[in-house]
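Here the structure is laid out as structure tokens; the discussion comes afterwards.
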Amino acid sequence: ERKPAAMLFDIEMPRMDGFDLLRHVRQDPRLSAIPVVMISSRTAGRHREHAMALGATAYLGKPFQETSLLSLLAELCANSSESAA
């Protein structure tokens, strides 16, 4: 019944990596419009490009500034609620 305002995925996760999870989320009509931020220590352009091609909304490399992440989430959640209205 409830959907998150945004999702944060790391590329490296047990069982299913963040790319696979992103693929599943984007294929699910109930979740496909939710903003997804990929976070990873993999900062090479090819990882960023792959995430964005799969439908990531944003990509942050580790380490990241907490204030930057919070600002990005506030912006994404505001934009998401405006789209829903």
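The values are calculated or read from the model by the stated rules, or taken from the named source; none is laboratory data. Keep in mind that what you see is a predicted model, and the values were worked out from it rather than measured. All Cβ positions, glycine included, derive from the backbone under ideal geometry; neighbour counts span all protein chains shown. Keep in mind that these areas ignore ligands, DNA and RNA; they rest on the heavy atoms of the full protein, side chains included. Shrake-Rupley method; radii C 1.70, N 1.55, O 1.52, S 1.80 Å.
Values for this structure:
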| quantity | calculated |
| --- | --- |
| Unique residue being under 17 Å from Ser80 (Cα atoms) and touching a strand residue (DSSP E or B) at 6+ places or on another chain (Cβ under 9 Å) when the list is Pro35, Pro4, Pro29 | Pro35 |
| Residue that is modelled with the highest pLDDT, among those in segment 1-52 that are open to solvent by less than 50 Å² (accessible area, probe 1.4 Å) and among the hydroxyl-bearing types (Ser, Thr, Tyr) | Ser32 |
| Output for segment 66-82, where each listed residue is open to solvent by 80 Å² or more (accessible area, probe 1.4 Å), more than 14 Å from the chain's Cα centre (by Cα) and at pLDDT 90 or above | Glu66, Thr67 |
| Selection count, segment 70-81, where residues are in contact (Cβ under 8 Å) with a residue 40 or more places away in the chain and either in contact with a strand residue (DSSP E or B) (Cβ under 8 Å, 6 or more places away or on another chain) or not small (Gly, Ala, Ser) (or both) | 4 |
| Residues of segment 17-38 that turn out to be under 16 Å from Ala51 (Cβ atoms) and touching a helix residue (DSSP H, G or I) at 6+ places or on another chain (Cβ under 8 Å), as a count | 11 |
| Every pair of residues 6+ apart whose Cβ atoms lie under 8 Å, when the first sits in segment 31-43 and is under 24 Å from Asn79 (Cα atoms) while the second is surrounded by fewer than 19 Cβ atoms within 10 Å (Cβ to Cβ) and among the aromatic types (Phe, Trp, Tyr) | Ile39/Phe64 |
| Segment 53-65, residues that are open to solvent by 80 Å² or more (accessible area, probe 1.4 Å) and modelled with pLDDT of 95 or more | Ala53 |
